[in-house]
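The values are calculated or read from the model by the stated rules, or taken from the named source; none is laboratory data. It should be emphasised that the depicted structure is a prediction, and the values quoted were computed from it without experimental measurement. Because the Cβ atoms are built from the backbone with ideal geometry, glycine has one as well, and the counts that use them run over all protein chains shown.
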Amino acid sequence: MKRLTMNTNVSDNLTKSAQDFINIVWPAISSHPIVGGGKLTSIEQVDSTDWQKIFDLLSGIDAWQLMNGKGIRGIASRVQWKENRETFTIGFSFHGSQSTEYSKRLRAIKDEEDLGLLYPKLTIQAFLDDHNGNLLSACVINTKDLILEVEKQLQIGKSSRAVNGSDFGILTNPKSDKRFIYISWSSLLDKLGEDKVGIIRL
């Protein structure tokens with residue numbers, strides 16, 4: 001893959017994840033039919049720090065996709081380095097906390113109070129060999145499809161008392177003691193099909 005130089009319009013204050021998503025992941029995955037091209041603006045490029053925090057913490061939107069005159073929609077992005085796990089990871093709590101990534105996305109998707117809560121239309125996760133390095137793989141999925149499949153797998157795990165497996169499970173980060181769900185791209189592809197799960201490997 002042709003390496004891209006750092007866009008000079010991107011602030012030096014962007015996180016490493018945001019930098020790599022804008023400069024490496026987005027050019028590789030934006031042409032996928034599920035994504036549909038367009039211009040990307042990171043939430044971190046918005047001037048107001050307050051709004052950055054609000055969108056990140058409450059909606060999970062990391063970037064805006066400007067869709068060639070058709071409109072605008074939110075994208076959730078996550079970039080990880082070194083090991084190519086080919087999974088989506090989602091913050092989670094066993095105690096029913098309403099402040100985790102999973103609980104907030106599920107609440108917005110189901111929207112039982114009809115509040116019109118914002119959440120990212122697409123979720124993209126990517127793995128690079130290093131910061132500003134080479135893209136190993138990336139996957140895009142409709143956030144609603146991802147979260148509802150996770151909900152289904154959690155219900156199956158509760159009924160069988162077997163949660164952790166090769167395709168789905170819950171792990172704890174030993175550094176932060178935070179829990180997260182992992183779900184493999186291959187299992188999602190098998191269940192939902194290529195028209196809903198887009199994987200690129202380089």
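Examine region 118-134 for a residue that is basic (Lys, Arg) and modelled with pLDDT under 95, and state whether such a residue exists.
Of all residues in region 118-134, those basic (Lys, Arg) come to 121.
Next, only the ones that are modelled with pLDDT under 95 stay: none.
Among the residues of region 118-134, not one is basic (Lys, Arg) and modelled with pLDDT under 95, which makes the answer no.
Based on this model, can you work out whether Lys175 counts as free of Cβ contacts under 8 Å to residues at least 24 places away in the same chain, surrounded by fewer than 15 Cβ atoms within 10 Å (Cβ to Cβ), under 29 Å from Leu14 (Cβ atoms) and out of contact with any helix residue (DSSP H, G or I) (no Cβ under 8 Å at 6 or more places or on another chain)?
yes
Against the definition (closer than 27 Å to Arg201 by Cα, modelled with pLDDT of 90 or more and touching a Lys or Arg at 6+ places or on another chain (Cβ under 6 Å)), how does Arg78 come out, yes or no?
Spelling it out, it is not the case that Arg78 is closer than 27 Å to Arg201 by Cα, modelled with pLDDT of 90 or more and touching a Lys or Arg at 6+ places or on another chain (Cβ under 6 Å).
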